[in-house]
1. When residue 114 is evaluated against the numbered criteria (1) closer than 17 Å to residue 80 by Cα; (2) modelled with pLDDT under 70, which criterion, by number, is the only one it fails?
2. Against the definition (β-branched (Val, Ile, Thr), crowded, with 22+ Cβ neighbours inside 10 Å and either more than 8 Å from the chain's Cα centre (by Cα) or modelled with pLDDT under 95 (or both)), how does residue 77 come out, yes or no?
3. Give me a count of the residues in the stretch 117-153 that are within 20 Å of the chain's Cα centre (by Cα) and either at pLDDT below 65 or of a type in the set (Gly, Ala, Ser) (or both).
4. Does the stretch 54-74 hold any residues that are surrounded by 19 or more Cβ atoms within 10 Å (Cβ to Cβ) and part of a loop (DSSP other than H, G, I, E, B), and which are they?
Amino acid sequence: MFSKFAKNKSTTFKALPEKFDTLIGKNTAIHGRLVLLESIRIDGKVVGNIESSKEESITVVIGATGEVQGDIVAQRVVVAGKVSGNIHAHERVELHADCLVQGDIKYGSIAIEHGSKVLGLLLQVGAAAPANMSDADAQSAIRKAQLVTGSGS
């Protein structure tokens with residue numbers, strides 16, 4: 001029954017056909033707010049928020065050695081390293097094995113590899129839900145889910 005899955009022990013995501021004009025190397029630390037006009041790959045450390053316009057098709061990739069201490073807003077966010085802050089991906093979030101995200105994640109679609117760690121809320125924002133969902137809206141949704149779960153037992 002499970003023999004199909006045993007053959008493919010390592011399932012990975014497809015590589016993005018993305019061009020990165022900006023690379024923050026693993027021996028580099030940047031302190032401050034980044035406003036992106038093009039996609040970026042971070043293998044070093046960024047302390048500060050990373051932002052891009054919703055209209056721009058921007059990808060933020062945090063490599064295995066990368067670390068971000070701040071919020072990230074972009075079309076696509078790929079995490080293989082560490083993020084201490086909230087992520088808002090208008091389109092897609094990918095969490096690779098051994099990554100750590102300490103913060104809430106708002107996403108259009110999400111892919112999570114086995115071994116990823118998330119210490120926060122996962123909130124899907126699609127066409128039916130407003131992209132600017134507030135923390136109060138999120139807390140209200142959590143309370144409703146707890147009431148439904150609590151009434152079933």
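1. Of (1) closer than 17 Å to residue 80 by Cα; (2) modelled with pLDDT under 70, only one is false for residue 114: (2).
2. On the way: β-branched (Val, Ile, Thr): yes; crowded, with 22+ Cβ neighbours inside 10 Å: yes; either more than 8 Å from the chain's Cα centre (by Cα) or modelled with pLDDT under 95 (or both): no.
Judged against the criteria, residue 77 is not a match.
3. Residues that pass the stated criteria total 10.
4. 58, 63, 66, 70
Conditions tested, residue by residue: (1) modelled with pLDDT of 90 or more; (2) touching a helix residue (DSSP H, G or I) at 6+ places or on another chain (Cβ under 9 Å); (3) of a type outside the set (Val, Ile, Thr).
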residue: 14; (1), (2), (3): no, no, yes
residue: 19; (1), (2), (3): no, no, yes
residue: 36; (1), (2), (3): yes, no, yes
residue: 39; (1), (2), (3): yes, no, yes
residue: 43; (1), (2), (3): yes, no, yes
residue: 49; (1), (2), (3): yes, no, yes
residue: 56; (1), (2), (3): no, no, yes
residue: 59; (1), (2), (3): yes, no, no
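The values are calculated or read from the model by the stated rules, or taken from the named source; none is laboratory data. What you see is a predicted model; the values in this text were computed from it and never measured. No Cβ is skipped: glycine too gets one built from the backbone with ideal geometry, and neighbour counts run over all protein chains shown.
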